[in-house]
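A.B. asks: Got a structure here, written out as structure tokens. Questions coming.
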Amino acid sequence: MTDTKKYVKVVNVFLITLILGALVIHLFLSKYINILSLVINLMVIGIILLILFSTMITYYILNDKEVNKHLMKINYTIIRCIFPIISNMGKFAGISKDEIRKIFIKINNAYIYSNKYGFNSESLIILIPHCIQNHNCKLKVTNNVENCKKCGMCKIKELLQIKEKYNTKVFIATGGTLARKIIVDNKPKAVIAVACERDLTSGVRDVKDIPVLGVFNSRPNGPCIDTNINIEEIEEAINFFTNK
Ligand code: SF4
């Protein structure tokens, strides 16, 4: 099933639940307080219209069609609000949370790519998860990525080369709390965050004031061990933020 079909399926479940919920409330309240049921009806109709609008924009994004950046922004705001509900509704539509998270990151990235930036590469930070480091390596790279001896057994070597080439900052975050601290301490203009679906989604949702481009790590050895990064995606993100 394509991402579009999955998303539409979850939205349908959401809309049906919303309408059924409104009908139940209506049945209990309409006999007694007409004005309240009218307000509920208007609210439900408003929410349904917003969701239909958002689904249409999301459909275009997921199919890689061009979308006006203002519409993209409105849609992104709606998606951020309804994401927790959509994410939980997924199980009723047989769609996993990770699949919904992937869609969220795609919408986030499309929104960021619809804008133009001209940041210095020094003002960017790249956040990577600890599981990128080869599990046999005993070097303490979490405190300082420069402790890497560049043996090439994991992608940290190439990330250091990126760091040197663009003069960006690279940090290894062992969790969400540390990632947030790194952002607060370094005050970057933008973040390129690498992580799995769950960590990336919670990180992107946490940071509201600066753009965060999400890059998924691949997990050829299973979750949280010797994961991998597509270095080209990182370079593309740097070039985009620096308008190169
Ligand atoms: S590149 Fe080699 S030295 Fe550097 S962190 Fe990876 S395994 Fe360790």
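The values are calculated or read from the model by the stated rules, or taken from the named source; none is laboratory data. Note that the structure is predicted; figures quoted are calculated from it, not measured. Because the Cβ atoms are built from the backbone with ideal geometry, glycine has one as well, and the counts that use them run over all protein chains shown. Only protein heavy atoms, including side chains, enter the accessible area calculation; ligands, DNA and RNA are left aside. Shrake-Rupley method; radii C 1.70, N 1.55, O 1.52, S 1.80 Å.
A.B. asks: Just checking, which of Ile105, Ile78 is under 30 Å from Asn167 (Cα atoms), among the aliphatic types (A, V, I, L, M) and not assigned by TED's automatic domain parsing to the domain that holds Asn230?
C.D. replies: So the residue among Ile105, Ile78 that is under 30 Å from Asn167 (Cα atoms), among the aliphatic types (A, V, I, L, M) and not assigned by TED's automatic domain parsing to the domain that holds Asn230 is Ile105.
A.B. asks: Yes or no: segment 77-85 includes at least one residue that is over 18 Å from Gly21 (Cβ atoms) and without any contact (Cβ under 8 Å) to a residue 24 or more places away in the chain.
C.D. replies: Yes, that holds for at least one residue.
A.B. asks: So, one more: From the residues in segment 3-23 that are of a type in the set (Ser, Thr, Tyr) and under 22 Å from the mean Cα position of the chain (by Cα), which one is nearest to Leu49 (Cα to Cα)?
C.D. replies: Tyr7
A.B. asks: A further question on this structure: When segment 85-117 is examined, which residues are found to be among the basic types (Lys, Arg) and assigned to a helix (DSSP H, G or I)?
C.D. replies: Selection gives Lys91, Lys97, Arg101, Lys102, Lys106.
A.B. asks: Taking the criterion of being acidic (Asp, Glu) and in a helix (DSSP H, G or I), would at least one residue in segment 58-67 satisfy it?
C.D. replies: So far as segment 58-67 goes, no, none of its residues is acidic (Asp, Glu) and in a helix (DSSP H, G or I).
A.B. asks: Out of all the residues in segment 58-77, is one or more surrounded by 19 or more Cβ atoms within 10 Å (Cβ to Cβ) and over 22 Å from Val215 (Cα atoms)?
C.D. replies: Taking every residue of segment 58-77 in turn, none turns out to be surrounded by 19 or more Cβ atoms within 10 Å (Cβ to Cβ) and over 22 Å from Val215 (Cα atoms).
A.B. asks: Which residues, taken from segment 215-244, are at pLDDT 95 or above and touching a Gly at 6+ places or on another chain (Cβ under 8 Å)?
C.D. replies: The answer is Thr242, and nothing else.
A.B. asks: Regarding segment 36-45, can at least one residue be identified that is open to solvent by 100 Å² or more (accessible area, probe 1.4 Å) and out of contact with any Asp or Glu (no Cβ under 6 Å at 6 or more places or on another chain)?
C.D. replies: Looking for residues that are open to solvent by 100 Å² or more (accessible area, probe 1.4 Å) and out of contact with any Asp or Glu (no Cβ under 6 Å at 6 or more places or on another chain), one finds at least one in segment 36-45, hence yes.
A.B. asks: When you go through Ile156, Ile112 one by one, which is the residue that is surrounded by 15 or more Cβ atoms within 10 Å (Cβ to Cβ) and within 16 Å of the ligand (Cβ to nearest atom)?
C.D. replies: Ile156
A.B. asks: Something else: For residues in segment 118-148 being open to solvent by 40 Å² or more (accessible area, probe 1.4 Å) and either under 30 Å from Thr58 (Cβ atoms) or part of a helix (DSSP H, G or I) (or both), which is farthest from the ligand (Cβ to nearest atom)?
C.D. replies: Gly118
A.B. asks: Would you say Lys169 is open to solvent by 20 Å² or more (accessible area, probe 1.4 Å), in contact (Cβ under 8 Å) with a residue 24 or more places away in the chain and more than 12 Å from the ligand (Cβ to nearest atom)?
C.D. replies: Criteria met by Lys169.
A.B. asks: When segment 3-17 is examined, which residues are found to be open to solvent by less than 60 Å² (accessible area, probe 1.4 Å), at pLDDT 85 or above and aliphatic (A, V, I, L, M)?
C.D. replies: Val10, Val11, Val13, Leu15
A.B. asks: Would you say Glu197 is acidic (Asp, Glu) and within 16 Å of the ligand (Cβ to nearest atom)?
C.D. replies: So Glu197 fails the test.
A.B. asks: Let me ask something additional. Of the residues in segment 203-244, how many are surrounded by fewer than 14 Cβ atoms within 10 Å (Cβ to Cβ) and hydroxyl-bearing (Ser, Thr, Tyr)?
C.D. replies: Of the residues in segment 203-244, 1 are surrounded by fewer than 14 Cβ atoms within 10 Å (Cβ to Cβ) and hydroxyl-bearing (Ser, Thr, Tyr).
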